Amino acid sequence: MSIIEVKKTSFSYGHQRVLENIDLTVNEGEIFCLFGPNGCGKTTLIQCLLGILRPSAGTIKLRSRDIRNMKTVEIARELAYIPQIHEKPFPYKVIDVVLMGRVSYTGLFSLPKKEDRKTAEEALEMVGMLEFRDKPYTQISGGETQLVMVARALTQKTPVLIMDEPTAHLDFRNELTFLETIVRLVRDTKITVVMATHFPNHAFYFENSSTKSQVALMNDRMFYAQGTPDDVLTELNMYNIFNIKSKLISHEWEGESFKQIFPIRTYG
C-alpha cells in the first residue's frame with residue numbers, strides 16, 4: 001500500500017527549475033533511496049515532501065491526503081526528519097533531545113508527560129543508546145548523535161522517516177552501525193524510510209539485507225531511472241549519469257549473495 005505519492009511535481013527558485021515532472025510512489029515498510037549527483041534536486045525534493053517548500057506544479061499526498069491541505073503539526077505526525085548535519089547549540093541531555101520529538105503532541109511550551117518520557121526511553125533502547133540518556137549530547141560522537149536523531153524521530157511515532165544523507169560525516173564503523181539500525185527498525189516496526197544518499201551501495205546494502213527497497217536515480221531535475229537497485233544501479237547508468245567506469249560485483253558468502261558497484265575511473 002502506498003504511503004507517499006508524488007505526481008507530476010515541479011519546483012522552481014524564481015526562473016530556475018530545480019525539479020521537473022517528478023513521479024514516485026513509496027510503499028509502506030520499504031526503504032526508498034534517492035541517489036544522484038550534487039545539485040540534481042534530492043534535498044529540494046525532500047523539502048517538498050516535508051512541506052517546507054511548496055511545489056510550483058503537481059501534487060504530493062501522504063496517505064492519500066494532499067500535503068497542501070495539511071497543517072504543519074499534521075505533517076509532523078506523518079513524517080519525521082533526520083538531517084545530514086545537526087548543530088549542538090546547548091549541552092542538553094540526550095533524553096531531552098529525544099523528547100523534542102514529542103513536540104507535535106505536547107505543544108512547544110508544554111512539559112513532557114510520563115508517557116512521553118517512556119516513549120523517548122523506548123526509542124533510545126531501540127537504537128541502542130539508552131545508556132546515554134543522561135549524558136550531555138555535546139559529549140557524544142557523530143555516529144552516536146545520528147542514532148540519537150533517529151531516536152528523536154521515532155518518538156514522533158510517524159509512519160515515515162525522511163533522511164538527507166544521514167551517513168555523510170560518519171566513519172566506516174558508524175556508517176555500518178547506522179545502516180544496520182535502519183534495517184532493524186524497518187523489519188521490527190514496519191516503518192517506511194526515504195533516504196537521500198550519494199552512495200549507491202547503500203541501496204545494495206538494503207537489498208543485500210533482504211529489505212524491500214527501491215531506488216530513484218536523479219539527474220538534472222528529473223528521475224533518470226527508478227526501480228530496484230538491480231534495475232537502476234547498473235554500470236551503464238553510472239556511465240551515463242556520472243561519466244565513470246564502474247564494475248558491478250556479486251559475491252557469495254556463507255550461502256548469501258552480496259552485490260556492490262565499484263568506481264574504477266572517470267572519463268573526460
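Of note:
- Single unsatisfied condition, E254 versus (1) more than 30 Å from E115 (Cα to Cα); (2) surrounded by 15 or more Cβ atoms within 10 Å (Cβ to Cβ): (2)
- One residue stands out in region 212-249 among those that are in a loop (DSSP other than H, G, I, E, B) and buried (at least 19 other Cβ atoms within 10 Å of the Cβ): the one that is modelled with the lowest pLDDT, namely R221.
- For region 76-105, filtering for residues that are among the hydrophobic types (A, V, I, L, M, F, W, C) and surrounded by fewer than 19 Cβ atoms within 10 Å (Cβ to Cβ) leaves 4.
- Identity of the residue in region 12-42, over 26 Å from S209 (Cα atoms) and out of contact with any Lys or Arg (no Cβ under 8 Å at 6 or more places or on another chain), that ends up modelled with the highest pLDDT: S12
- Unique match (being surrounded by 20 or more Cβ atoms within 10 Å (Cβ to Cβ), modelled with pLDDT of 90 or more, closer than 30 Å to Y13 by Cα and in the same structural domain as L62 (by TED's automatic domain parsing)) among A153, A196: A196
- Scope region 5-30; condition more than 13 Å from I46 (Cα to Cα), of a type in the set (S, T, N, Q) and either touching a residue at least 40 places away in the same chain (Cβ under 8 Å) or not in a strand (DSSP E or B) (or both); matching residues: S12, N21, N27
- Residue pairs meeting the criteria (Cβ under 8 Å; at least 6 apart or on separate chains; first outside the structural domain of I3 (by TED's automatic domain parsing), in region 63-74; second surrounded by 11 or more Cβ atoms within 10 Å (Cβ to Cβ) and assigned to a helix (DSSP H, G or I)): none
- Scanning region 56-68 for residues that are surrounded by fewer than 17 Cβ atoms within 10 Å (Cβ to Cβ) and either in a helix (DSSP H, G or I) or touching a Cys at 6+ places or on another chain (Cβ under 7 Å) (or both) gives a single hit, R68.
- Any hit, region 102-122, residues being within 28 Å of E5 (Cα to Cα) and out of contact with any helix residue (DSSP H, G or I) (no Cβ under 7 Å at 6 or more places or on another chain): yes
- Pairs are defined by a Cβ separation below 9 Å, a sequence spacing of at least 6 or placement on different chains, a first member in region 149-176 that is closer than 28 Å to G39 by Cβ and touching a residue at least 60 places away in the same chain (Cβ under 8 Å), and a second member that is crowded, with 21+ Cβ neighbours inside 10 Å and among the basic types (K, R); the pairs so defined are D164/K42; E165/K42.
- If only residues of region 69-105 that are modelled with pLDDT under 90, over 21 Å from the mean Cα position of the chain (by Cα) and not in a helix (DSSP H, G or I) are counted, the one that is farthest from L50 (Cα to Cα) is P91.
- Of everything in region 106-120 that is buried (at least 18 other Cβ atoms within 10 Å of the Cβ) and in a helix (DSSP H, G or I), the residue that is farthest from the chain's Cα centre (by Cα) is D116.
- Search result, residues across region 6-28 that are within 16 Å of L62 (Cα to Cα) and surrounded by fewer than 17 Cβ atoms within 10 Å (Cβ to Cβ): K7, K8, D23, T25, N27, E28
The values are calculated or read from the model by the stated rules, or taken from the named source; none is laboratory data. All of these numbers come straight from a predicted model, not from anything done at the bench. Virtual Cβ from ideal backbone geometry, glycine too; neighbours counted across all protein chains shown.
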